[in-house]
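Peer 1: Have a look at this one.
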Amino acid sequence: MGIFKDCDIRGTVPEELNPDVAYFIGRAFASSFPEGTSFAVGGDVRTHTPSLKEALIEGLRDSGGNVVDLGTVPTPLFYFAIDHLRTPAGVMVTASHNPPQYNGFKIGFAHRPPLPEDFTALARQVEERAFRKGARGRLLSMNLVEEYLTFLASRVLPPQRTLRVVVDCGNGCSSELAPRFLHSLGHKVIPLFCTPDGTFPNRPPNPEAKNLRALREKVLETRSDVGIAFDGDGDRVVFVADDGTVLEGEKGMIFFIRQHFAPIPGEKKFVYDLKCSSVVPEEVRRAGGIPIPERSGHAYIKRRLLEENAVMAGEISGHYFFRELGRDDGLYAASFFLTLLSRNSEPLSSIIATFPQSFVTPDIRIPQKGRENLLSLLESTLQGGNITRLDGLRVEWEEGWALIRKSVTEPVYTLRFEGKDREAIPSLVHRLLAAFPEIAREVLEKLSSDSADYGPRNSLEG
């Protein structure tokens, strides 16, 4: 698959990414802009980020780029810096939610999200060593934390009541900013894993349900109103209700749809990724809005948000995008969520108890290696069903749907299924993979061993 993905650059360190590769990426990226262009550069808390960031900056400068070094920051602060400094572009050194042995680069442009062809062109420049020779660029270090928090505070309405909130930063980039900002809004904050540590000693940087047991227990122990978990670079957020229930993707979106989207008058649009349960577009229509499906991936969802001038967008992984920002931001989403929750007298557990049930599986990942042509082979063997090719292969039958797509961050296929009831899931798996019974068995085994259920779940033991 290589390190150049559709939406960013990622790989293992040092096998795929090392300072030499980072230097060449810097040389190539700066060479695609006029000499003297300024670039914002930030980095996450991973142990190898400082060496990769230093090499990247050297590469940018050696190709005539001026660099504003933001230090160690969450990715949303990096995006804010591009707007605030009015730089044409920037690079964030991070592997987001990937395990600690990974690192990577997220690219930001001033007026648009990156396109797959941007990474294709960058990979070609690196391979061909097509670098500009010229005067060495300047380096300036700048701390924009206060400006960023002031920006957020100007866009978040104060809560109507104080909430007790457990904040689980997973030792990532939000560890210092999130507790401080949420406390400044008037909430009682109970920090959990809020010391930056690039080895991620307490939980993986991916805030999926199976990694949030400590947060769920802390919410119950402290009788808190809500728990909040951030991913490694702070652009994704997941919520936990007062009874320990994790509001995975769809539930988080439905909360925002009912509490924020529904009251807005007139024509309004909501963009969601194709992996979502059918309950999401149904909720959007019930709220008088227009649901717009889009393929998974940060850049794809953000671009569609901007193109449609949508009120909001959601990705099942925990990205929430807002028209007011023109992008996603984990800390903004968290603070806005708390403001909306504070307007309700009933607890979050009671609110989500009214949400429609869905029977959708978690992501099932299988290796691509040795199966490079699986999608085309599957399509040629399918019997019946309505096929959508927006993102991989999505097939709808009367009893539910199946989706298989190539991950944009890992060399795996991601599969997901939704049935009218729990019992329909195995038949959907067999229906999609009828010509590949060994893969069907692999998928069903992963489903049976996965701690995440695909149906209503309310207890910590669920």
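Peer 1: Quick one: Karplus J couplings for segment 358-363, per residue in order, coefficients 6.51, -1.76, 1.60, θ = phi - 60°, nearest Hz, x for Gly and Pro?
Peer 2: Result, ordered by residue: 9, 10, 10, 7, x, 4 Hz.
Peer 1: Please identify the longest segment of the chain free of exposed GluC sites (Glu not before Pro), where exposed means a DSSP state other than H, G, I, E or B and no more than 13 other Cβ atoms within 10 Å.
Peer 2: So the longest stretch without any such site is 16-266.
Peer 1: Sticking with this one: Put a dot 7 Å past each Cα toward the Cβ at E221 and K188; how far apart are the dots in nm?
Peer 2: My value for the distance between the label points is 1.7 nm.
Peer 1: About the Cα centre of segment 294-444, what is the dipole size in debye to 20, counting +1 per Lys and Arg Cβ and -1 per Asp and Glu Cβ, all else neutral?
Peer 2: For segment 294-444, the charge dipole is close to 300 debye.
Peer 1: Next question. Kirkwood Rh and Cα-based Rg: tell me the resulting Rg over Rh for the chain, rounded to two decimals.
Peer 2: 0.96
Peer 1: Under unit Cβ charges (Lys, Arg +1; Asp, Glu -1), what dipole magnitude, rounded to 20 debye, does segment 67-144 have relative to its Cα centre?
Peer 2: Dipole size: approximately 320 debye.
Peer 1: Can you run the Rg to Rh ratio on segment 345-391? Use alpha carbon positions and the Kirkwood inverse-distance Rh.
Peer 2: A ratio of 1.23.
Peer 1: Take the solvent-accessible surface of the protein heavy atoms, probe 1.4 Å, and return the percent of it on segment 333-404 that carbon and sulfur atoms account for.
Peer 2: 47
Peer 1: Pull up the cross-link candidates among the lysines for K188, meaning alpha carbon to alpha carbon under 16 Å and not fewer than 8 places away within one chain.
Peer 2: K218
Peer 1: Any of K210/K302; K251/K406; K5/K106; K269/K302; K5/K406; K302/K369 with alpha carbons more than 19 Å apart? Name them for me.
Peer 2: From K210/K302; K251/K406; K5/K106; K269/K302; K5/K406; K302/K369, over 19 Å: K210/K302; K251/K406; K302/K369.
Peer 1: Let me ask you something else. Starting from the Cα gyration tensor of segment 85-147, multiply each eigenvalue by 5, take the square root, and state the resulting semi-axes largest first in whole Å.
Peer 2: Each semi-axis is the square root of five times an eigenvalue, giving 22, 20, 14 Å.
Peer 1: Just round it to a whole percent: the fraction of Cα-Cα distances in segment 127-284 exceeding 21 Å.
Peer 2: Here the tail beyond 21 Å accounts for 58 percent of pairs.
Peer 1: Then there is this: Near the amide H of V67, under 5 Å away, which other amide H atoms are found, from residues 5 or more places off or on another chain, if H is placed in the peptide plane?
Peer 2: The answer is F39, R138, L139, L140.
Peer 1: Further, regarding this structure: What does a probe at R323 reach in segment 274-289, counting residues whose amide N is under 14 Å from the point 7 Å along Cα→Cβ?
Peer 2: Residues 288-289 fall inside that zone.
Peer 1: Could you please state how large a percent of the accessible area of segment 3-54 is carbon and sulfur, counting protein chains only and using a 1.4 Å probe?
Peer 2: Carbon with sulfur: 52 percent of the solvent-accessible area.
Peer 1: Given Cα pairs under 8 Å that are at least 6 residues apart, what percent is the relative contact order of the chain?
Peer 2: 13
Peer 1: Would you work out which of V67, L163, A28 lies farthest towards the positive end of the dipole of the chain, given +1 charges on the beta-carbon of Lys and Arg and -1 on that of Asp and Glu, about the Cα centre?
Peer 2: Of the listed residues, the answer is V67.
Peer 1: Test of understanding: extend the Cα→C-beta vector of N344 to 7 Å, then name every residue of segment 198-239 with backbone N under 15 Å from that spot.
Peer 2: Residues 225-228, 239 qualify, since their backbone N sits under 15 Å from the label point.
Peer 1: What number comes out for accessible area per residue over the chain if the probe is 1.4 Å? Units Å², please.
Peer 2: Value for the chain: 39 Å² per residue.
Peer 1: Assign unit charges at the C-beta atoms only (+1 for Lys and Arg, -1 for Asp and Glu), then state the dipole size of the chain relative to its Cα centre in Debye, rounded to the nearest 20.
Peer 2: About 660 debye.
Peer 1: Using square roots of five times the C-alpha gyration tensor eigenvalues, list the equivalent-ellipsoid semi-axes of segment 307-462 in whole Å, biggest first.
Peer 2: So the three semi-axes of segment 307-462 are 32, 20, 15 Å.
Peer 1: Have a look at G288, V238, I316 and report the one farthest towards the positive end of the charge dipole of segment 234-334, computed about the Cα centre with Cβ charges (Lys/Arg +1, Asp/Glu -1).
Peer 2: Going by the charge dipole, the pick is G288.
Peer 1: How far apart, in nm, are two points set 7 Å out from the Cα along the Cα-to-Cβ line at R132 and at S448?
Peer 2: 5.9
Peer 1: Under a cut-off of 14 Å between alpha-carbon atoms, report the aspartates and glutamates in cross-link reach of K446, not counting same-chain residues fewer than 8 places apart.
Peer 2: Straight-line reach from K446, under 14 Å: D363, E438.
The values are calculated or read from the model by the stated rules, or taken from the named source; none is laboratory data. Keep in mind that this is a model prediction, so the values were computed, not measured. Every residue, glycine as well, gets a Cβ built from its backbone with ideal geometry; the counts of neighbours run over all protein chains shown. Side chains included, ligands, DNA and RNA excluded: accessible areas come from the protein's heavy atoms. Shrake-Rupley method; radii C 1.70, N 1.55, O 1.52, S 1.80 Å.
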